[in-house]
Amino acid sequence: MDLTPLVTKVIASNIDIFDTNGNPPGEVAQIVNIAKGMGWTKPLVRTGGPIVDEIVRLCGKNANGFIYRE
């Protein structure tokens, strides 16, 4: 599933933080990679869970600045 239209709408809403809680790792990685590719510099966050390591792995270099709490 291409999440680009969703991420585009969310970013256009001028939010201050992008919370990825509740999304599976693959979707979070897409959101992070798309947002960073669009120049997003505000916080992207996730609150804990056992999938954080997988999200960071899937995001690659875009995980830099991704905020999470286990």
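Here are a few things to note about the model shown:
- Of Ile15, Ile55, Ile34, the one that fluctuates the most in a GNM where the chain has Cα springs shorter than 10 Å: Ile15
- Charge sum, other residues only, whose C-beta stays under 15 Å from Asn23's C-beta, Lys/Arg counted +1 and Asp/Glu -1: -3
- Placing a label point 7 Å from the Cα of Ala12 along the Cα-to-Cβ line, the residues of the range 19-36 whose backbone N sits under 16 Å from it are 35.
- Percent carbon-and-sulfur accessible area, the chain, ignoring ligands, DNA and RNA, probe 1.4 Å: 54 percent
- Entry comment: accessible area of the chain is 62 Å² per residue, from protein heavy atoms only and a probe of 1.4 Å.
- Within the chain, helix-based [θ] at 222 nm, where runs of 4 or more DSSP H residues each add -39,500 (n - 2.57), nearest 500: -12500 deg cm²/dmol
The values are calculated or read from the model by the stated rules, or taken from the named source; none is laboratory data. Everything quoted here is computed from the prediction, not taken from an experiment. Here Cβ is always computed from backbone atoms with ideal geometry, including for glycine, and neighbour counts include all displayed protein chains. These accessible areas exclude ligands, DNA and RNA; they are computed on the full protein's heavy atoms, side chains included. Shrake-Rupley method; radii C 1.70, N 1.55, O 1.52, S 1.80 Å.
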